[in-house]
Each structure stands twice: as C-alpha cells, then as structure tokens.
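J.: Please read through the structure below; I'll follow up with questions.
The values are calculated or read from the model by the stated rules, or taken from the named source; none is laboratory data. For clarity, every value in this text was computed on a predicted model and none was experimentally measured. Here the Cβ is made from the backbone with ideal geometry for all residues, glycine too, and neighbour counts use every protein chain on show. Accessible surface areas use protein heavy atoms only, side chains included; no ligands, DNA or RNA. Shrake-Rupley method; radii C 1.70, N 1.55, O 1.52, S 1.80 Å.
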Amino acid sequence: MTKIGCGTMGAGGRMSVPPSQRKQESGSMKRVPISKPPFTLSEIKKAIPPHCFQRSLIRSFSYLVYDFILVSIFYYVATTYFHNLPQPLSFVAWPIYWTLQGSVLTGVWVIAHECGHHAFSDYQWIDDTVGLILHSSLLVPYFSWKYSHRRHHSNTGSLERDEVFVPKKRSSIRWWAKYLNNPPGRFVTVTIQLTLGWPLYLAFNVAGRPYEGFACHYNPYGPIYNDRERLQIYISDVGVLAVTYGLYRLVLAKGLAWVICVYGVPLLIVNAFLVMITYLQHTHPALPHYDSSEWDWLRGALATVDRDYGILNKVFHNITDTHVAHHLFSTMPHYHAMEATKAIKPILGEYYSFDGTPVYKAIFREAKECIYVEPDEGEQSSKGVFWFRNKI
C-alpha cells in the first residue's frame, strides 16, 4: 500500500529513479508504481466477496430515507426555532445548520452519483428516475453529468481524454501563475475553486478536457455528447429549470433571504465538498498521469487516492475512503465498498494509495505541490508518464 513517506522507487515492480531524482524527491511521498501491474482486473474481482457486487433496492433506499430524515429535521429546527433566537445565538445557529445540512445533502448527492453508475438498484429506469430527481433538486443536470462522468471513469489518468481535473503541462501554465504561487495566492485560488469551481465546470468546462467548440453540460449539441445522448441532455435541462422555477416561486413566497439561508448556503457547501472530494481524489504528488503512449485503463484507474474525512466518511457514504475500489468497480453499491477495499488491498499492494493527511491541510499542500505535470528527466524515465511539479 502506498502511504505518505520518504523514499524513491525501488524493487517490487516499481520504477527505479536516478540518483539526481532521488535527491529531488527527498521528503516527498512515495510514488504510485507505473509499471504494468502484476495482476489483472479479474484477479482483483475474485478477491472481493461476490455479495459485494449485489445491489439491494431496499437497502439503497434506506440510506436515502435516512438522509431525508436528517435533512427534514435540520430544516424543521431552522425554520421553526431560529427566528425566535436572540441575535447573537442566531449568528451561531445558522452556520451550524448550513454545515450540517450541506454535509448531509452531499451524501444525497453521492447517492444520485451512484444512480448514474447504475449502483443503486438492478433497474436502470429506477436509478435514472431517482438520480434525475435528486440531482435536479441540487441544480445538477443528471444525464449530462452522468455521461461526462462515465467518460472520466473510462479515461482516468489520461492527459488527452480524462474529463475533469486534467492537469496542465508546463507549457500551458499562464503568466499569472507565478504570482499566485504563494500562501495568499493559494488561499484565493482554493477559495475560488471551492465556491465557483462546480458551476464553472458545468457551464464552461473549466478544469475539464479540452474540446473543439463550446463544451457545456447544458448544451445538448455541444462536443461532450453524441446524438444518442442529446434527448436526455434536454431532460436534464428541464429538471434543472423546473427546480429553478420552484426556487423562484419560493423567493416570491418566502423572500430571497429565506431561500438563501435555508437552501442556497447549504448548496454552496455541497458544491464545495464535491469539488474538494474530487480534487483530492485525483490530485496528489504521488499520482502519475499518462499520455497516449503509456496510458491503459487499469493503471489509469489506480492513479487515484483514498482520503480520510473522519466522521464525514460515513456522512458521504464512503465515497471518500473507497474511491480506488469505486474506480475499479463503479457499479458496486457504496455499502459494500469498505469490505471490497479491505479485500483488494493485499492484491493491489503498492498500487493502492491512501493518504491520511487531514483534508484541510491536504488541499493547500496539493495546491502548492501540484501546479503542472511533466515527465521525469533521465534515460530510465518514461517520457509518457507525467508527474506533478511546482517549480515555475
């Protein structure tokens, strides 16, 4: 298992690193092996108990009902009692509500994400119906994201074909990057990423794969989608527009401040968690990216890292600490992912990555260390394998 630690590539199928490179890597994290794994996907699957691949409609709905109960309790308490609180206490109560509600709604978001992977039930129409309702309620175009996210899973770690958080090569770094490569600049960058990153990605494909033409998750005729998918993109747009209209009517009835406090701020927290989770799963100094000369699906799927969010692991239905298993078997329901992760660790060995750094530290560390990618130098280094760098 690849964990935080000092050292360089060595035996066991890992790439040897020239002495000059060893000095450069001193104090960094042990890299993920880049050689062809000594195991196959079918061998990994055989190590997992068969029941882990079974989807239960009742059990999946039970997690959703549990989340809805918590959402309803938080809503009831906030809308029933907060207006009676003296002002100093209300300044404390509302942020607590926003944090709790945003965290649980992130779990709802994850269940909708499972629907997009056909991991909620054995019935595709149920998965799509539930996913469409849940994601639309969080202003996410369900089918639009389902299809782009599916391509992410098909091309993880590919510099040319991956869909999201595709790192830039050094030649693509903009001139202003050097002015942001400092603590205040990184704070501004991370803040913008967490608050605006998700809507900018959906609307303008920011941090996504380059496309010819205007790539937008709301555009049925954009380059992200093919002819068979366009009708469902329209359906996604209708779902988001319907919820948007409902929010407009709610503003007329309750007022803008009420909607922002009850729904808007928790939604911002959902979006921030979503961006943080995805960013930290795929951005790490120890993770490689591959160009077309080196990339293959299995090595790409293993170029991700599990993280520890403490109690939020359970709130987020373990999407945070079982992401490696999720990339290998995306139709596996979340309630079996922990058992599957434990089962595959002995098989994966050094190809399994986990980083227990507190995420509030990790996001700023990754923002500092992971600015662009380039291959290692030296005769023994592969020119098709790219690693994060931060020297501008």
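J.: For the stretch 337-371, which positions are in a loop (DSSP other than H, G, I, E, B) and under 13 Å from Ala286 (Cα atoms)?
T.: Within the stretch 337-371, Tyr352, Cys370 qualify.
J.: What is the one condition in (1) open to solvent by 80 Å² or more (accessible area, probe 1.4 Å); (2) closer than 29 Å to Thr80 by Cβ that Leu231 does not satisfy?
T.: The single condition Leu231 does not satisfy is (2).
J.: For the stretch 290-302, which residues satisfy the criterion of being farther than 19 Å from Gly356 by Cβ and either open to solvent by less than 10 Å² (accessible area, probe 1.4 Å) or out of contact with any His (no Cβ under 9 Å at 6 or more places or on another chain) (or both)?
T.: Tyr290, Asp291, Ser292, Ser293, Glu294, Asp296, Trp297, Leu298, Arg299, Gly300, Ala301
J.: Here is a further query. Looking at Asp308, Asp296, Asp291, Asp321, which is the one that is under 30 Å from Tyr66 (Cα atoms) and out of contact with any helix residue (DSSP H, G or I) (no Cβ under 6 Å at 6 or more places or on another chain)?
T.: Result of the check over Asp308, Asp296, Asp291, Asp321: Asp308.
J.: So, one more: Which pairs have Cβ atoms under 8 Å, sit 6 or more apart or on different chains, and link a residue in the stretch 166-182 that is over 23 Å from Thr278 (Cβ atoms) and of a type outside the set (A, V, I, L, M) to one that is open to solvent by less than 100 Å² (accessible area, probe 1.4 Å) and part of a loop (DSSP other than H, G, I, E, B)?
T.: Correct list of pairs: Lys178/Ile392.
J.: Of the conditions (1) without any contact (Cβ under 8 Å) to a residue 60 or more places away in the chain; (2) over 30 Å from Leu241 (Cβ atoms), Val108 satisfies every one except a single condition; which number is it?
T.: (2)
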